[in-house]
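Have a look at the structure below, then the notes.
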Amino acid sequence: MSEKALICTVCESRYPFRTSFSRCPKCNEPLELEEIGTGSIKAEAYFNIFRRYGEFFPFREPYDELDLGEGMTPLVWTPALAKKYGIGAVAFKNETANPTWSFKDRGTATALRHAKILGFSRIGTVSTGNMAASVAAFGAKTGVETTILVSSDIPSEKLNPIAIYHPRLIRVHGDYSRLYSESLRLGEELGIYFMNSDVPFRVEGSKTIAFEICEQTSFRVPDFVIVPTSAGGNIRGIEKGFREFYKVGLIARIPTIVCVQAEGCSPIVKAFEKKSLVVERFSNPHTIAHAIENPFPPSGNQVLRVLNKNSGVALAVSDEEILAAQKELAETGLFVQPASASSLAALKRLVHDGALKSNHCVVCVLTGSGLKYTSVFQHYHLAVEECDISQLKPCLSHSIS
Ligand SMILES: *Cc1c(COP(=O)(O)O)cnc(C)c1O
Ligand SMILES: [Zn+2]
């Protein structure tokens, strides 16, 4: 395979595959790996995304030693919810089944391959949540020196699930919003591959969510795919995955992509509604959905371009809607974090607005696990009964229904 170029999403300048910067030096907009327009699925390589979809990655080897078993997550169909909302079918792509309980593992594993090919011996990221845990875990697995930069005010319940992997963990005092670009700049200078939220190879990793959805729907793709969105890397990857499978002729159309954000931090939705092509920094962000609380998404403009090009949808949901959806998901057996529950909240909104019809098939991407954020329990009344062992028979003899 000839080496694929990294292409600026705005001016289309081409940069070599071995480029370690992630944004166009001219436009400061994200680079994206050139589309892969030929290839087929290696169906016999069932449990490994880099083998199964190897022809859709620009790597010469699968690099099995870098894996933690990421990807190949279940698509859970919920006929009861489809019936409740009067739509054709509803399924949940359960990304909580990844090694560190979020989709971030796909992008980490992919970026790690690029870092290895480029000869980096140090990796890092800027995150206080799922991405930090993911990079720390893969760093631990592979023995690559791993640096995680977090904000100085991070609470210990968020710090410890990162620290357990024993990365170099640095609390950075000062303006956290500058850390994304500052880390990329210093990484270039000092030889640290910062695999931040929307770097090109993270986007490549997220493609496999779309690939798997195609396979799990027998290539009759859903009408809508709803994606909780913060920095914008994941939704870009999912769109690119459908685009590449469409290019090679595996699917007949690309689903409508729905970008959902929390009302308390919705810079992309705000720009989309104003028909602006430029995302502005969202002031005073506040939402329970911390994993989608980036006030100035680095891929925001590119997400707008993708949505506009494909007749996509962007909408914001309130914390109340998110909590109601989280509860509803738990009651169907799926406990996800508030950010992920925003996808079901968006589905309900689209049903209410008449956008979803009785023949539509919808997939919600459940991006990360509920156990990552247990302080959410305080928002619910969770019922427990009491019973003495001597009274167990009368207690159990009446059913609650
Ligand atoms: C990172 C993350 C998102 C947002 O993904 P982006 O690529 O930043 O848009 C959504 N949900 C969860 C649980 C996440 O960890
Ligand atoms: Zn450019």
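I'd like to know if the range 100-110 contains one or more residues that are in a helix (DSSP H, G or I) and open to solvent by 10 Å² or more (accessible area, probe 1.4 Å). The answer is yes, given that some residue of the range 100-110 is in a helix (DSSP H, G or I) and open to solvent by 10 Å² or more (accessible area, probe 1.4 Å).
Screening PHE47, PHE56 for residues that are over 21 Å from ILE117 (Cα atoms), among the hydrophobic types (A, V, I, L, M, F, W, C) and either open to solvent by less than 20 Å² (accessible area, probe 1.4 Å) or under 22 Å from the mean Cα position of the chain (by Cα) (or both) leaves exactly one candidate, PHE47.
Conditions tested, residue by residue: (1) out of contact with any strand residue (DSSP E or B) (no Cβ under 8 Å at 6 or more places or on another chain); (2) among the aliphatic types (A, V, I, L, M).
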residue	(1), (2)
ALA339	no, yes
CYS361	no, no
HIS379	yes, no
GLU386	yes, no
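The number of residues in the range 359-382 being over 25 Å from the mean Cα position of the chain (by Cα) and open to solvent by 90 Å² or more (accessible area, probe 1.4 Å) comes to 4. Here is a check on your reading of the model: is PHE120 open to solvent by 20 Å² or more (accessible area, probe 1.4 Å), among the aromatic types (Phe, Trp, Tyr) and either touching a residue at least 60 places away in the same chain (Cβ under 8 Å) or assigned to a loop (DSSP other than H, G, I, E, B) (or both)? Here the answer is yes, as PHE120 does meet what is asked. Tell me, please, whether a residue that is free of Cβ contacts under 8 Å to residues at least 12 places away in the same chain and not hydroxyl-bearing (Ser, Thr, Tyr) can be found in the range 300-311. Yes, the range 300-311 has at least one match. When LYS83, LYS93 are screened for being away from ligand 2 (no atom under 16 Å from the Cβ), in contact with a Leu (Cβ under 9 Å, 6 or more places away or on another chain) and of a type outside the set (Val, Ile, Thr), only LYS93 passes.
Of all residues in the range 283-293, which are open to solvent by 40 Å² or more (accessible area, probe 1.4 Å) and touching a residue at least 12 places away in the same chain (Cβ under 8 Å)? Give the steps one after another, and end with the answer.
Residues of the range 283-293 open to solvent by 40 Å² or more (accessible area, probe 1.4 Å): 283-286, 290-291, 293.
If the condition is that a residue be open to solvent by 40 Å² or more (accessible area, probe 1.4 Å) and touching a residue at least 12 places away in the same chain (Cβ under 8 Å), then SER283, PRO285, HIS286, HIS290, ALA291, GLU293 are the ones that fit.
Taking residues in the range 15-40 that are over 16 Å from THR208 (Cα atoms), and partners anywhere that are acidic (Asp, Glu) and away from ligand 2 (no atom under 16 Å from the Cβ), the pairs with Cβ atoms closer than 9 Å and at least 6 places apart or on different chains are PRO16/GLU3; PHE17/GLU3; ARG18/GLU3; SER20/GLU188; PHE21/GLU188.
Within the range 82-99, the residues that satisfy the criterion of being open to solvent by less than 10 Å² (accessible area, probe 1.4 Å) and assigned to a helix (DSSP H, G or I) are ALA82, GLU95.
Filter the range 182-224 down to the residues that are part of a loop (DSSP other than H, G, I, E, B) and either open to solvent by less than 40 Å² (accessible area, probe 1.4 Å) or hydrophobic (A, V, I, L, M, F, W, C) (or both) and list them by number.
Residues of the range 182-224 part of a loop (DSSP other than H, G, I, E, B): 191-192, 195-199, 217-223.
The answer is GLY191, ILE192, MET195, ASN196, SER197, ASP198, VAL199, THR217, PHE219, VAL221, PRO222, ASP223.
Taking the criterion of being without any contact (Cβ under 8 Å) to a residue 40 or more places away in the chain, open to solvent by less than 60 Å² (accessible area, probe 1.4 Å), among the small types (Gly, Ala, Ser) and in a helix (DSSP H, G or I), the residues of the range 136-164 that qualify are ALA136, GLY139, ALA140, ALA163.
All but one of (1) within 22 Å of LYS4 (Cα to Cα); (2) touching a residue at least 60 places away in the same chain (Cβ under 8 Å) hold for ALA210; state the number of the condition that does not hold. Looking at each condition in turn, ALA210 falls short on (2). Screening the range 291-358 for helices (runs of 4 or more DSSP H) wholly inside it with 2 or more residues that are charged (D, E, K, R) and more than 16 Å from ligand 2 (Cβ to nearest atom) returns the ranges 319-330, 338-352.
Exactly one residue among THR19, THR73 is open to solvent by less than 20 Å² (accessible area, probe 1.4 Å), in a loop (DSSP other than H, G, I, E, B) and within 16 Å of ligand 2 (Cβ to nearest atom), and that residue is THR19.
The values are calculated or read from the model by the stated rules, or taken from the named source; none is laboratory data. Just so you know, these numbers come straight off a predicted model, no measurement behind them. Methodologically, a virtual Cβ is constructed for each residue, glycine included, from the backbone with ideal geometry; neighbour enumeration extends over all protein chains shown. For accessibility, only protein heavy atoms count, side chains too; no ligands or nucleic acids. Shrake-Rupley method; radii C 1.70, N 1.55, O 1.52, S 1.80 Å.
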